[in-house]
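Shown next, in structure tokens, is the structure this report addresses.
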Ligand code: GLC
């Protein structure tokens, strides 16, 4: 009952506005019966998953729940001593890891009828994340292109087909619940017939999870498009360029001509709707893809020492989605962040889009996009570089003012990947020194998503200190880009060793390499393939 009440209160009384100088959000009227439905769903699913999740010592499975036992307070201590840095995997072990990665991408392959035609994509993890996500699919395409470029192109086509009429690409696109549910029921039926209680329980859990997610997101998201009203890191232009490189020349040119108009519409939407003082702004922490990062705690008004995942979701993040489900919204006054990460991605992808424009035979548009990237670069350096601290840091709206968000995370190093600093820029050495500091980020299994020296660092926390392969992918590129080849190689090798040790999991303990949460996580698999290819290219002189 308390959970029911909490859900009800959370969803019917959105958090107090931060007094931001932004226009008020256009909100859909809230329907009480629907909210009651959501609170019921939340309560039952939470019970269901709390029980099921603890079975394997796993975190609860509901919406960004962290591993149990980490409920704010002092930084977590690791249970066992940190492991020594792993040795690089030999060729045979690397090849075996790549085979396992391909099997994961195969297991998570989806294809079913959608309103927009046949949707073909890779679910992040069929059991836990059955839908299509924006940046996940971009990573999937980057990995898939190495051995199935046609499937990689379809992954991006499915994503672009979900674009809203105003140009936005949603962070989440629902898969057809009826198609997905029928699988669980079939599995349940078979397991019952063959008297396999474990399998029957798993199938039932899958069906309940799906039902819960479908009801929850159905109520919080846009009903017409069956997708969310928020976006995610805009890395899809880069992914399109990478995929085109793997296609045969004729097919590549046709693909780029096909994807340029929707891509252009997406980045124009960012330019039109999401620039504040020349920088891209996000209105929900989920838009960064780093849902629970402590850098956002001050903006959500959460005391990191009292951080508690379920409350955070119920009171802050889920209600906030309602503001975006209609098509008439422009912005939210509750949460706004000018992130170093988002602006780095945006910069890199404006350049990628310029390339697509040129390849699609539109050189004037290419030049215009490069001009936009130049302006953005100027604003990033002007607003997000802090000379006193020698660091890039986000600005967040706190009490109506743009305030520096001081939590030290590796997202401050993304300008290295984004082409924002020249090779000889003295800031590069400062950033690399901090990134490779074992007291902050260079752990046995780097790179933790929060510096070890931060109070909020949690080696098991969801984006609160754990290592994620996609972050390593960008950082390895950034290091290589600036001539730090040895560090880049070391990061890639340790990343592969970490996945071998921890499994094809969603995220990892930066000290022990233990893997957490989703067991067959597609972007980990896709980026294993990408990192293996990158290491292979390094080993071949002249390529
Ligand atoms: C979680 C992650 C987000 C990802 C999604 C699907 O919400 O925080 O980055 O896109 O899961 O994998």
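7 Å from Cα along Cα→Cβ at both residue 536 and residue 194: what's the point-to-point distance in nm?
3.5 nm
Obtain the nm distance between the two label points defined at residue 201 and residue 403 by a simple spin-label model: each point lies 7 Å from its Cα along the Cα-to-C-beta direction.
Those two pseudo-labels are separated by 4.6 nm.
Given a cut-off of under 8 Å on Cα pairs at least six residues apart, what relative contact order in percent is computed for the stretch 131-170?
Numbers: 32 pairs, mean separation 14.3, N = 40.
36 percent.
What order, most packed first, do the peptides 496-506, 239-249 have when packing is the mean number of other Cβ atoms within 10 Å of each residue?
Details: 496-506: 22.0, 239-249: 19.1.
Going from most to least packed, we get 496-506, 239-249.
On full extension of the chain, what length is gained from residue 277 through residue 430, given 0.36 nm per residue of separation minus the C-alpha to C-alpha distance? Kindly include the intermediate steps, with their values, before the conclusion.
On the way: separation 153, 0.36 × 153 = 55.08 nm, distance 2.69 nm.
Gain in length upon complete extension: 52.4 nm.
Hey, with R₀ at 60 Å, roughly what FRET efficiency would residue 185 and residue 254 work out to, going by the Cβ-Cβ distance, to 0.05? Could you put the intermediate results ahead of the total?
On the way: r = 41 Å, r/R0 = 0.68.
Once rounded, the FRET efficiency stands at 0.90.
Pull out the extension gain between residue 268 and residue 305, defined as 0.36 nm times the separation in residues minus the alpha carbon to alpha carbon distance; nm, one decimal. Don't jump to the answer; show the numbers that get you there.
Working: separation 37, 0.36 × 37 = 13.32 nm, distance 3.97 nm.
Between residue 268 and residue 305, full extension yields 9.4 nm more.
Taking 0.36 nm per residue of sequence separation and subtracting the Cα-Cα distance, how much length would be gained by fully extending the chain between residue 364 and residue 486, in nm to one decimal?
Working: separation 122, 0.36 × 122 = 43.92 nm, distance 3.90 nm.
Taking residue 364 through residue 486 to full extension adds about 40.0 nm, to one decimal.
So for each of 269-276, 336-343, 404-411 I average, over its residues, the number of other beta carbons within 10 Å; can you give me the resulting order with the highest mean first? The partial results should precede the final answer.
Values: 269-276: 17.0, 336-343: 26.8, 404-411: 21.6.
Sorting 269-276, 336-343, 404-411 by mean packing, highest first, produces 336-343, 404-411, 269-276.
Using a 10 Å cut-off on Cβ atoms, rank the peptides 376-386, 463-473, 422-432 from the highest mean neighbour count down. All intermediate terms of the calculation are to be shown ahead of the outcome.
Values: 376-386: 17.5, 463-473: 25.4, 422-432: 14.3.
For the peptides 376-386, 463-473, 422-432, the packing ranking is 463-473, 376-386, 422-432.
Once you put a point 7 Å from the Cα of residue 91 and another 7 Å from the Cα of residue 106, both along the Cβ direction, what distance in nm separates them?
2.4 nm
Only the coordinates and a few stated rules stand behind these numbers; no lab work does. Remember, it's a predicted structure, so these values are computed and weren't measured experimentally. Using ideal geometry, Cβ is built from the backbone for each residue, glycine included, and neighbour counts are taken over all protein chains shown.
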